[in-house]
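Undergrad: Questions regarding the structure given below will be posed in turn.
The values are calculated or read from the model by the stated rules, or taken from the named source; none is laboratory data. The structure displayed is predicted, hence computed values, not measured ones. As a convention, Cβ positions derive from the backbone with ideal geometry for all residues, glycine included, and neighbour counts pool all protein chains shown. Each accessible area value is taken on the protein alone, full model and side chains, heavy atoms only, with ligands, DNA and RNA left out. Shrake-Rupley method; radii C 1.70, N 1.55, O 1.52, S 1.80 Å.
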Amino acid sequence: MPRTCEVLDPTGLVEDFADKMLLSCDMMNEAEALRRLRRNFVGEQGVVFPEPLLSSSGVLVESFERGVPLNEALPSLDPETKRKVARRGLRALLKMLFADNYIHGDLHAGNLLLRFDGHDFDLVILDAGLVIELSPRDRRNFIDLFGAVVKRDGRRAGQLIAARATHRGGGEDDVEAFVDELDRLGKDATVRG
């Protein structure tokens, strides 16, 4: 995206991210995040977070969770099980985003394990050091942006980002070019499917 740096302030975005990363280095924060995620998912079948056992600012001891890393398990799974894994992961993410407003900020295959038990499985989610809780304003912005992305409306997504960015530079020409580029990305995604 040629105009992204002109519209969004990369320095401010990096500073915000650095602040969150520093918080994630304190193991007491991660232990509290695990406790909260575990509370949020009580009664949710098939989604597991490790239990924090002992913590200090530099050390976290948690329950050992058996499982196969997602990226190792996927190639051997049949298509229906892959769909079940995707649905379970999506359901967990949407619950974090929309029901709990407490989001694991580092969801990638290296932090996900599959623990099989017969024909069923648990999705084990590791490394809760980076969690996000959105302010009411940010949550509204996210929901609006999410809606535009789901509808594949790149123009609307670009307008929302540009209008609501807290770190913003550039002039109106830069903003319009940014919006046009996101519109093209949305249309390309629609064509590809």
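Undergrad: Just checking, which of GLY193, GLY169 is in contact with a Leu (Cβ under 9 Å, 6 or more places away or on another chain), at pLDDT below 90 and among the small types (Gly, Ala, Ser)?
TA: None of the other options fit; the residue is GLY169.
Undergrad: Continuing with this model, one more query. Against the condition modelled with pLDDT of 90 or more, under 18 Å from the mean Cα position of the chain (by Cα) and either of a type in the set (Gly, Ala, Ser) or not in a helix (DSSP H, G or I) (or both), how does ALA33 come out, does it pass?
TA: Yes: the conditions hold for ALA33.
Undergrad: Under 8 Å between Cβ atoms, at least 6 apart or on separate chains: pull out the pairs that start in segment 73-94 with a residue that is open to solvent by 70 Å² or more (accessible area, probe 1.4 Å) and end on any residue that is assigned to a helix (DSSP H, G or I).
TA: LYS82/LEU74
Undergrad: Of the residues in segment 95-133, how many are open to solvent by 40 Å² or more (accessible area, probe 1.4 Å) and touching a Lys or Arg at 6+ places or on another chain (Cβ under 7 Å)?
TA: Within segment 95-133, residues that are open to solvent by 40 Å² or more (accessible area, probe 1.4 Å) and touching a Lys or Arg at 6+ places or on another chain (Cβ under 7 Å) number 1.
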